[in-house]
Amino acid sequence: MEDRFWRVEKKNMKTDGTFTGPHQVKLEKWISCAPFEKLLGLDIVEAKDGRAYLTMPFVYELAQGQGMAHGGALVTLADTAVAMAVKSILPPDSRFGTISLNAEFLGPVTQGVLSARAAVTLLENGQVQGQALVSDEAGRQVMRFSAMFKLGREVKIATHRKGE
């Protein structure tokens, strides 16, 4: 088994020594940042009851060529916020993934800490719809985001109304 793993590792090793996968990721807890999200500086402030609030500092490494926040960083913040809202309604270790997304950029970001507020709705056929608003430090909305997620077949969600 180790020999087979080494062959895969060697095959996926670039000449500079960078390992290009496959990677095994073990999260600290169910609702926590993955390595890429940590790289961007995302912070999960809150995630519960189908809602989430995340922040991300706009640092130099997230700038595009004209000095504004890169759209991909904003989309990552929003997508992760929606994903954390999804996780907040699922049992730990449930499988799910983004199957579609849309981002509408409303204004440039040149400084500060960005925030994303997300909410999700459970739909039929194992799908979850989510929306997020990304705002700059002054509270100005800079991006509207929507996404659709597909739950793994094995995911079971207990749905009940309050008082039942």
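The values are calculated or read from the model by the stated rules, or taken from the named source; none is laboratory data. None of these values were measured; they are calculated from a predicted model. Cβ: placed from backbone, ideal geometry, glycine included. Neighbour counts: every protein chain shown.
Of the residues that make up region 73-93, is at least one touching a strand residue (DSSP E or B) at 6+ places or on another chain (Cβ under 6 Å) and at pLDDT below 95? Checking region 73-93: not a single residue is touching a strand residue (DSSP E or B) at 6+ places or on another chain (Cβ under 6 Å) and at pLDDT below 95.
In this structure, ALA116 qualifies as of a type outside the set (Lys, Arg), part of a strand (DSSP E or B) and in contact (Cβ under 8 Å) with a residue 24 or more places away in the chain. Checking each residue in region 124-164 for being farther than 19 Å from SER94 by Cα, at pLDDT 95 or above and not charged (D, E, K, R) picks out GLN131, ALA132, LEU133, VAL134, SER135, ALA138, GLY139, GLN141, VAL142, MET143, PHE145, SER146.
Results for (1) in a helix (DSSP H, G or I); (2) under 15 Å from LEU133 (Cβ atoms), shown as yes or no for each residue.
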residue: GLU61; (1), (2): yes, no
residue: GLY67; (1), (2): no, no
residue: THR80; (1), (2): yes, yes
residue: MET84; (1), (2): yes, yes
residue: PRO91; (1), (2): no, no
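Table: residues versus (1) more than 21 Å from GLY41 (Cα to Cα); (2) touching a Ser or Thr at 6+ places or on another chain (Cβ under 7 Å).
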site: MET68; (1), (2): no, yes
site: PRO92; (1), (2): yes, no
site: GLY97; (1), (2): yes, no
site: ALA103; (1), (2): no, no
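The residues of region 99-111 that are part of a loop (DSSP other than H, G, I, E, B) and surrounded by 15 or more Cβ atoms within 10 Å (Cβ to Cβ) amount to a single one, VAL109.
Among the residues of region 65-88, just one is under 10 Å from the mean Cα position of the chain (by Cα), of a type in the set (Gly, Ala, Ser) and under 17 Å from GLY107 (Cα atoms), namely ALA78. With respect to (1) of a type outside the set (Gly, Ala, Ser); (2) within 27 Å of GLN129 (Cα to Cα); (3) at pLDDT below 95, the lone exception for THR55 is condition (3). Picking from residues in region 32-61 that are out of contact with any Phe, Trp or Tyr (no Cβ under 9 Å at 6 or more places or on another chain) and charged (D, E, K, R), the one that is nearest to PHE149 (Cα to Cα) is ARG51.
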